[in-house]
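Beneath this line is the structure, given in structure tokens, with notes to follow.
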Amino acid sequence: MTILWQHFNLFLIIMSALAAVVFVCLFFVDAGYGKFYTKKWGPAINNRLGWVLMESPVFAAMLALWLCSDRKDDIVRLVFLIVFEVHYFHRAFIFPTRITGKGKMPFSIIAMGMLFNTANAFMQGGWLYYVSPESYYTTDWFLTPQFITGLLVFIAGMTINIHSDNIIRNLRKPGDSRHYLPKGGMFRYVTSANYFGEFLEWVGFAVLTWSWSGAVFALWTFANLCPRAARIYDKYRHDFKDEFDEKRLKRIIPFIY
């Protein structure tokens, strides 16, 4: 167990270092999907299929890690699994069906997403079902401040994320190809409200599991989404000069950044 713990900690350190590298790089290179799709990222496929391929591996891998563990009857860890899988079931199988338009996603982006998502499954599932002390999560965990607070933060984040996605999805009427500045909900405070919601989810997950693996995932989420949110902010400020309120709108964290 000591060797496993040491290897797992090294894994988390490496993932944290990679998050820092990705954070810096994404301020100079736009990941080529969504608003910033470009052919320079190589061959691409339909956006809907791309999201399924990119997000489903983590759903499957986390489930497999739980099923293969001798802790699958642990009720607290089962709740953690459900919380995690609810997000990825929505992201992999519901969110793609609601995408409008004919956007594309490069295979290179899909492959990188699949690689990270699989690594993340090993981070979260590895800690919960193999590395953490077996008695770490007793049923008393449900009454701890970290579980209650973390779960509430996760639910709030997922609610914001889905609501913000719905606002974006309904900006255009059928046949309309123009671009609009999202308004309402958390878009009253940040230009990337959907990203804020997702970041909040994984902060909540880190708190409710009270784990370094959860914290590293929250770090990765911020490292991936913050630079993109900054780029979206600049784009909206340029494209919607008359509607953009720089004093009120932030990029991803309300009132802060």
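The values are calculated or read from the model by the stated rules, or taken from the named source; none is laboratory data. What you are looking at is a predicted structure, and each value in this text was computed from that prediction instead of being measured. A quick note on method: Cβ atoms are made from the backbone with ideal geometry, for glycine too, and the neighbour counts reach across all protein chains shown.
Here are some notes:
- The conditions of being touching a residue at least 24 places away in the same chain (Cβ under 8 Å), surrounded by fewer than 20 Cβ atoms within 10 Å (Cβ to Cβ) and either among the charged types (D, E, K, R) or part of a helix (DSSP H, G or I) (or both) are not met by GLU198.
- Residue satisfying all of: in the range 51-79; out of contact with any Phe, Trp or Tyr (no Cβ under 8 Å at 6 or more places or on another chain) and crowded, with 19+ Cβ neighbours inside 10 Å; nearest to ALA121 (Cα to Cα) among these: PRO57
- Filter result for ILE256 (in contact with a strand residue (DSSP E or B) (Cβ under 9 Å, 6 or more places away or on another chain), without any contact (Cβ under 8 Å) to a residue 40 or more places away in the chain and in a loop (DSSP other than H, G, I, E, B)): yes
- Of the criteria (1) in a helix (DSSP H, G or I); (2) buried (at least 17 other Cβ atoms within 10 Å of the Cβ), which one PRO182 fails: (1)
- Residue check for THR149: farther than 28 Å from THR191 by Cβ and modelled with pLDDT of 95 or more: no
- Across the range 84-97, the number of residues qualifying as surrounded by fewer than 19 Cβ atoms within 10 Å (Cβ to Cβ) and of a type in the set (A, V, I, L, M) comes to 2.
- Residues that are crowded, with 18+ Cβ neighbours inside 10 Å, touching a residue at least 24 places away in the same chain (Cβ under 8 Å) and under 15 Å from ALA61 (Cα atoms) do not occur anywhere in the range 160-169.
- Verdict on MET112 being modelled with pLDDT of 95 or more, closer than 24 Å to LEU200 by Cα and part of a helix (DSSP H, G or I): no
- Residue among MET105, MET123 that is surrounded by 14 or more Cβ atoms within 10 Å (Cβ to Cβ), assigned to a strand (DSSP E or B), touching a residue at least 12 places away in the same chain (Cβ under 8 Å) and over 14 Å from the mean Cα position of the chain (by Cα): MET105
- Residue in the range 119-128 that is out of contact with any Ser or Thr (no Cβ under 8 Å at 6 or more places or on another chain), among the polar types (S, T, N, Q) and at pLDDT 95 or above present: yes
- Within the range 151-179, being assigned to a loop (DSSP other than H, G, I, E, B) and touching a His at 6+ places or on another chain (Cβ under 9 Å) holds for LEU171, ARG172.
- PHE80 fulfils the conditions (1) part of a helix (DSSP H, G or I); (2) without any contact (Cβ under 8 Å) to a residue 24 or more places away in the chain except for a single criterion, (2).
- Looking across THR191, THR209, one residue alone is hydroxyl-bearing (Ser, Thr, Tyr) and farther than 26 Å from VAL29 by Cα. It is THR209.
- SER164 meets the conditions (1) at pLDDT below 95; (2) among the small types (Gly, Ala, Ser); (3) under 16 Å from the mean Cα position of the chain (by Cα) in every case but one. The failed one is (1).
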